[in-house]
Amino acid sequence: MSTLSYDASGAAQQAIAKHIDGLVEDRIASRIFAKDHTLWGPDAESEAAIRLGWVEAATVSQSLVGDILELRDALRGEGVSRIVLCGMGGSSLAPEVIAGTAGVELTVLDSTDPEQVSAALADRLAETAIVVSSKSGSTVETDSQRRVFEKAFNDAGIDAKSRIIIVTDPGSPLDKASREAGYRAVFNADPNVGGRFSALTAFGLVPCGLAGVDIQAFLDEAEEAAEILNEDSTDNIGLALGIALGGTSPLRNKIVIAEDGSGIVGFADWAEQLIAESTGKLGTGVLPVVAGPDSPEALGGAEDVLVVRLVGADADVELRENEVAIAGGLASQMFVWEFATSVAGRLLGINPFDQPDVEAAKVAARGLLDARPEPTPAAFTDGAVEVRGGEWLGSAVSVAEAVQALLAQLGEDGYLSVQAYLDRISYAPLEGIRDELAAVSGRPVTFGWGPRFLHSTGQFHKGGPAIGVFLQVTAASSTDLEIPERPFTFGQLIAAQASGDAQVLEGHGRPVLRLHLTERAAGVAQLQEVVAALAGQASSLES
């Protein structure tokens, strides 16, 4: 196992000094591993009682390895060299990090964007098998992806049943239907593990193992980390990180997670869901902000920001004020952050295992799919962008003025959430506007790809403190894609998901600026130019 190490300064260090002895005295570490469901208060007991399987996942999952590797070898013998993962949230974020860090190809399809889905379908279908991951099988995105791949296989003369692998909870509707359908394999995960804590279960292991990751070594490293985290000791890194996340006073509720030489690919995106969905409820919580070590938030020194740097094991780290640095292998880090998030939940006084506000956007999207209302008229159109917003838009007549009007709604402790309902592979450079908007606004900025963030930070947006403002980007598509045996297309589905989420946010009284790109490439370029110009103006004013 690569050595775990941890260092902290400023508010994080002060919080550790304040809380660590009490957590050790109360045996919080060993009680978490003993699955003590009383640790998060009476209101959380029923949920916690069925959600603590993750503490033993590294050991329990050892029994899966042989079957996964046997299936991997059989598929390779049949010429299957490409694995596509159809999953959302916790079912997709962990495998993407695990495979990416191992340097193994895994196509993660966690979108309903018709262009992204079409691109996944068009790539080497004859060499492809899909892993469909869903605890219940009721996730509309995952069900739609399975349907379209199954049809594509059959249309190409490929036996679809031989190319579909299912990961789900035992006894779920998907479990029963998949066995009846005769799919290639059905792997059951521990039902006592929530999706965002499932990295070390079948949800993390099956797609990665089939793609070629050494999952045995991954689990072995995690088992070693469990031995460290189980100790009621003031040197317990998991306790220290949990205190940093949830125990600062006053609470630094924006956690900037910056990759700074750890060698782990995309870790902050996984940690973002884990923290936001676990803590963002009852009007409290901490907002993870995926950024770089030199991003504005990491250097700005705001009083509500704590920076966590993911560093290499041998790095010579000089901490700035109010920073944390943590190093370790991927499996170790995943276990540490799961443990720390549960500790933070106790300190924050919330249940880290439920997600009470996630369903609201799903309900709104289903209602819009059923009703199919006409789009709300645009306030105005500027180039390739239709602009919609509330009364706070005022006299804005350009995209630049609309963005400025939205940023004017930010409070001193606020944040901006950018939500792009686009093909995240083709339009990945759009994420570059995140740093620029942080520089313009002087506040933390998150960037999420829709609809996947609905299974992630979407919980914090509705259940956390009401301090966010929201920039939603949607786009017309020159191509759409039918969903077999469903009365809606992928294009209609993603449009309903975006509109539904905007409705829920506006219903919570939050400002939502909706930019609809009437032509994708031109609209993205226009938005990038607008934000770059605003950043340039802000920079010139500072100088």
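None of the figures in this text is laboratory data; all of them are computed from the coordinates on show. Every value quoted in this text rests on a predicted model; they were computed, and no experiment measured them. Neighbour counts run over all protein chains shown; Cβ positions are idealised from the backbone, glycine included.
Quote to one decimal, in nm, the extra length available between A126 and A408 on full extension: 0.36 nm per residue of separation minus the C-alpha distance between them. Spell out each step's value before the answer.
Values: separation 282, 0.36 × 282 = 101.52 nm, distance 5.19 nm.
Length gained between A126 and A408: 96.3 nm.
What 222 nm value per residue comes from the helices of the chain, counting each DSSP H run with n ≥ 4 as -39,500 (n - 2.57) and dividing by all residues, nearest 500 deg cm²/dmol?
Taken over the chain, the calculation gives -13500 deg cm²/dmol.
Note down the net charge around D501, summing +1 for each Lys or Arg and -1 for each Asp or Glu among other residues with Cβ under 14 Å from its Cβ.
+3
Using the Karplus curve 6.51 cos²θ - 1.76 cosθ + 1.60 with θ = phi - 60°, work out ³J(HN,Hα) for each residue of region 6-16 in order, rounded to whole Hz, and write x for Gly and Pro.
8, 8, 8, 9, x, 4, 5, 5, 5, 5, 5
Can you tell me the relative contact order of the chain? Whole percent, Cα pairs under 8 Å, sequence separation 6 or more.
Value for the chain: 19 percent.
Residue-wise, which Karplus ³J(HN,Hα) couplings in Hz belong to region 287-302, taking 6.51 cos²θ - 1.76 cosθ + 1.60, θ = phi - 60°, and x for glycine or proline?
Per residue, the Karplus-derived 3J(HN,Hα) values read 9, x, 10, 7, 8, x, x, 10, 5, x, 5, 6, 9, x, x, 5 Hz.
Any of K135/K281; K176/K281; K161/K281 with alpha carbons more than 30 Å apart? Name them for me.
Over 30 Å Cα-Cα: K176/K281; K161/K281.
How large is ³J(HN,Hα), in whole Hz, for each residue of region 267-284 in order, when computed from phi with the Karplus curve 6.51 cos²θ - 1.76 cosθ + 1.60 and θ = phi - 60°, using x for Gly and Pro?
Running phi through 6.51 cos²θ - 1.76 cosθ + 1.60 with θ = phi - 60° gives 4, 4, 5, 5, 5, 4, 5, 3, 6, 5, 6, 7, 10, x, 7, 6, x, 10 Hz.
May I ask you to order 406-414, 346-354 by the average number of other C-beta atoms within 10 Å around their residues, highest value first?
On the way: 406-414: 16.2, 346-354: 22.3.
So the peptides 406-414, 346-354, ranked by packing, come out 346-354, 406-414.
Using bins 20 angstrom wide from zero, how does P(r) for the chain break down, in % of all Cα pairs?
Histogramming the chain at 20 Å steps yields 23, 56, 21, 0 percent.
Quick check: residue separation of R372 and A217 times 0.36 nm, minus the Cα distance between them. What number comes out in nm?
Roughly 50.8 nm would be gained on extension.
For the chain, give me the percentage of DSSP beta bridges that are antiparallel, rounded to the nearest 5 percent.
20
Applying a 10 Å radius around every beta-carbon, put 216-222, 145-151, 95-101 in order of their mean neighbour count, most first. Mind showing how you got there, number by number?
On the way: 216-222: 19.3, 145-151: 21.3, 95-101: 24.9.
Going by the mean number of other Cβ atoms within 10 Å, highest first, we get 95-101, 145-151, 216-222.
If packing is taken as the average number of other Cβ atoms within 10 Å across a peptide's residues, how do 484-497, 269-282 rank, most packed first? Display every interim value, and only then the final one.
Working: 484-497: 18.9, 269-282: 25.9.
For the peptides 484-497, 269-282, the packing ranking is 269-282, 484-497.
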